[in-house]
1. So if I take the centroid of the Cα atoms in the range 206-229 and the same for the range 35-93, what is the distance between those two points in Å?
2. Under the 0.36 nm per residue contour assumption, what length would be gained going from the current alpha-carbon distance of A110 and H165 to full extension?
3. In which sequence would F47, F64, F208, F88 go, from the one with the fewest C-beta neighbours within 10 Å to the one with the most?
4. Give me the number: length gained by fully extending R17 to H220, i.e. 0.36 nm times residue separation minus the C-alpha to C-alpha distance, one decimal in nm.
5. So what is the relative contact order for the chain, in percent, with contacts set as C-alpha pairs under 8 Å and at least six apart?
6. Listed highest first by mean packing, meaning other Cβ atoms within 10 Å per residue, what order do 230-241, 34-45 come in?
7. So for V69, V169, fewest C-beta neighbours within 10 Å to most, what's the order?
8. Only bridges whose two residues both fall in the range 4-260 count here: according to DSSP, what percent of them are antiparallel, nearest 5?
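Just so it is clear, none of the values below were taken in a lab; they were calculated from the coordinates. The shown structure was predicted, so the numbers you read here are calculated from the model rather than taken from an experiment. Using ideal geometry, Cβ is built from the backbone for each residue, glycine included, and neighbour counts are taken over all protein chains shown.
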Amino acid sequence: MYLNNHSWFSLRYGVMRPEELLAEAQAAGVTCMALTDVHCTASGPDFARLAPQYGIRPVLGVDFRRGAVQHYLGLARDHDGYQRLCGFLSELLHTGHAGKPAPLPERAPALEGVVWVYPWSRRENTAWMQTGEGGLRPDEFVGVRPEDLGALRLALQRDPNGTPHQRMVALQTATFRNKRDHNAHRLLRSIDCNCLLAKLSENQVAPFTDRLLRTGEIQHIYTEFPWLTERADALLDACHIDFAGDLGDQEDGATHRNIRTFTGSIVE
């Protein structure tokens, strides 16, 4: 269920250290979660290495946004997918201007080993998201946030043959722990937007509901549509990544291979 989670590596947006995010998730009963920082993958390998220490299976991805508004979410199915996702992000950042990424494509590219989740809020103005199975690629899904459940109910009543159930997933974002975190987030957003706190608009900050909730709380929120959380869990289950053997000294005491070859050839 935990597809969209931020650490403070979501620059001028997130507030928790990766270790704090993992500790909060462990206390909430989470066993698998994705780290999807906004336009940043710097903490991905460390997160993947640390997560098992908290009893959590890690998944890595990127949250692509226009300002503070989510455009789509990319999740890596495997290491190759993560490499391609990082390459797509790097291209956007390198071709951007004044520290901002280049304009995001309206539709995410088809990348092998990557799945995409579009927020329900984009569905109303995006024709291919409103059609049936033929409108979405196999790697594309629609994320339904708690505040979208009323709109989902009406949409299913009006057009039962619209976006099919198997293309929808629960999308509960986790950025904060408490009100103090949210206040810190608002300060970061005012810095990023170069404006006073009082001048921040709703679409420039995340809602306080973007908190890390316990598993039971999320299941209760989606009680009417339990298949949303089931699909989200299935999406996470299809993603596998492991950096434990690639970072730092090995558990058996062996030195990292980069350190062994730093000053010359390994055969010397």
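1. Taking the Cα centre of each part, the range 206-229 and the range 35-93 sit 21 Å apart.
2. On the way: separation 55, 0.36 × 55 = 19.80 nm, distance 2.13 nm.
Roughly 17.7 nm would be gained on extension.
3. Numbers: F47 27, F64 22, F208 15, F88 18.
Ascending Cβ contact count within 10 Å gives the list F208, F88, F64, F47.
4. Numbers: separation 203, 0.36 × 203 = 73.08 nm, distance 2.78 nm.
70.3 nm is the gain from fully extending R17 to H220.
5. Details: 452 pairs, mean separation 60.7, N = 268.
Relative CO of the chain lands at 23 percent.
6. Working: 230-241: 18.0, 34-45: 21.6.
Top of the packing list down: 34-45, 230-241.
7. Details: V69 12, V169 24.
If I rank by nearby Cβ atoms, fewest first, I get V69, V169.
8. Working: 11 of 28 bridges.
Taking every DSSP beta bridge with both residues in the range 4-260, the antiparallel ones total about 40 percent.
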